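The next block holds one structure in the form of structure tokens; read it before the comments.
The values are calculated or read from the model by the stated rules, or taken from the named source; none is laboratory data. These numbers were taken from a predicted model, which means no experiment stands behind them. Every residue, glycine among them, receives a Cβ derived from its backbone with ideal geometry; neighbour counts consider all protein chains shown. Heavy atoms of the whole protein, side chains included, go into the accessibility calculation; ligands, DNA and RNA do not. Shrake-Rupley method; radii C 1.70, N 1.55, O 1.52, S 1.80 Å.
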Amino acid sequence: MKILFIGDIVGRIGRRMVKEHLSELVDKYNIDFVIANGENASHGKGLLRHHYFELIEAGVDVVTLGNHYDSKKDIRGYIDRVDRLIRPLNLINDYPGEGSAVFDVNGISIRVTNVLGSAFMKEEVNNPYYSLLDYLSNAEEECNIHIVDFHAEATGEKICFAYALDGKVSAVLGTHTHVQTRDYRILENGTAFISDVGMTGLYDGALGFNKDTVVSKLMYGNNVRFDIPEDGKGVLSALVLDVNEVTGKTEDIFPIYIIEK
């Protein structure tokens, strides 16, 4: 089973990069299933209903979220009406939608789960590891293939989470920090790992935003809002997994990094 995971889609440029490149990536790598993190897809924060459908129409099979899951309030009105949107599993407060779901791909069941990290994150969550184990222990359907989007800040937490789940899931793929890391690997018991898949959006910026506004706030301490341009040079960060359909173990993993000329 060939699975493509697209890193955090940021704003209009990120959505455009998906629409312009997804089809060619699917054909080039014989992709069977596409997952994309869309928590920043609407103006850099949150996911509006029409942007969700824009990604689905572009060829994304499942959209995962992250700490900005509730940044666009209209999501509460549509998340229970769509079937390809996964919000964080381990939220403390009740929230509509599902944190894990199963999808049929050519007769093969694939589970996709979204989990928030607990280190250095403003969002208060239940323990990521035990929340996932508890959920799986009560899940009605068992799946050989299980992809976990671990939306977390600290690389140390990400790798420990992956080691703890090695052999229990097919992949632990880090998102949130918007910079593609080079530590992709397959762990001893067959679980694929990367600290961060990376970001899909503005290339000549800071994490997908206008670099001048980010520098102004973070370096100079100015009270400014991060600006996100409508146009500009784009980048697409993604990862390809080849997962054994019988064992659920990942047999190959490699990153993709496309920069517009």
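Counting only alpha carbon atoms, the long axis of helix 49-58 and the longest principal axis of the chain meet at about 60°. GNM on the chain, alpha-carbon springs under 10 angstrom: the most fluctuating residue among ILE194, ILE13, ILE228 is ILE228. The magnitude of the dipole of the chain, with charges of +1 and -1 set on the Cβ of Lys/Arg and Asp/Glu and taken from the Cα centre, is near 800 debye. When the C-alpha to C-alpha distance is required to be over 31 Å, the pairs from LYS45/LYS249; LYS158/LYS217; LYS28/LYS217; LYS158/LYS261; LYS19/LYS211; LYS72/LYS249 that qualify are LYS45/LYS249; LYS28/LYS217; LYS158/LYS261; LYS72/LYS249. Here the sum of -39500 (n - 2.57) over DSSP H runs of 4 or more residues, divided by the residues of the chain, equals -7000 deg cm²/dmol at 222 nm, to the nearest 500. Please state, to two decimals, what the Cα-based radius of gyration of the range 1-113 comes to when divided by 2.2 N^0.38 Å (N = residues). Its radius of gyration relative to the 2.2 N^0.38 Å reference: 1.02. Rounded to the nearest 10 degrees, the inclination of helix 128-138 to the longest alpha-carbon principal axis of the chain is 40 degrees. Most simply put, the chain has about 45% antiparallel DSSP beta bridges, counting only bridges with both residues inside it. Both radii were evaluated on the Cα set of the chain; the Rg over Rh quotient, with Rh as the Kirkwood radius, amounts to 0.94.
If we count every other residue with Cβ under 10 angstrom of SER118's Cβ, Lys/Arg +1 and Asp/Glu -1, where does the sum land?
On the way: positive: none; negative: GLU123, GLU124, GLU153, GLU157.
With Lys, Arg at +1 and Asp, Glu at -1, the neighbours total -4.
Report relative contact order for the chain in percent, whole number only (criteria: Cα-Cα under 8 Å, sequence separation at least 6). Relative contact order comes out at 20 percent. Taking SER170, SER71, SER237 in turn, the Gaussian network model of the chain (Cα-Cα springs below 10 Å) assigns the largest fluctuation to SER71.
Net charge of the neighbourhood of PHE33, taken over other residues with C-beta under 9 Å away and scored Lys/Arg +1, Asp/Glu -1, is -1. Rg and Dmax, both from the Cα atoms of the range 149-229 and both in Å, are 15.8, 48. Normalising the Debye intensity of the range 201-249 to I(0), with uniform scatterers on Cα atoms only, and taking log10 at q = 0.15, 0.16, 0.21, 0.31 Å⁻¹ returns -0.52, -0.55, -0.72, -1.07.
Relative to the longest principal axis of the Cα atoms of the chain, helix 155-165 runs at roughly 20 degrees.
Tally Lys/Arg at +1 and Asp/Glu at -1 over every other residue whose Cβ is under 15 Å from the Cβ of PHE193; what's the total?
-4
Computed about the Cα centre, the dipole magnitude for the range 1-108 is approximately 400 debye when only Lys and Arg (+1) and Asp and Glu (-1) carry charge, each at its Cβ. Looking at the range 157-231, the accessible area is 49 square angstrom per residue; that uses a 1.4 Å probe and ignores ligands, DNA and RNA.
For the chain, modelled as a GNM whose springs connect Cα atoms under 10 angstrom apart, the maximal fluctuation among VAL26, VAL224, VAL60 occurs at VAL224.
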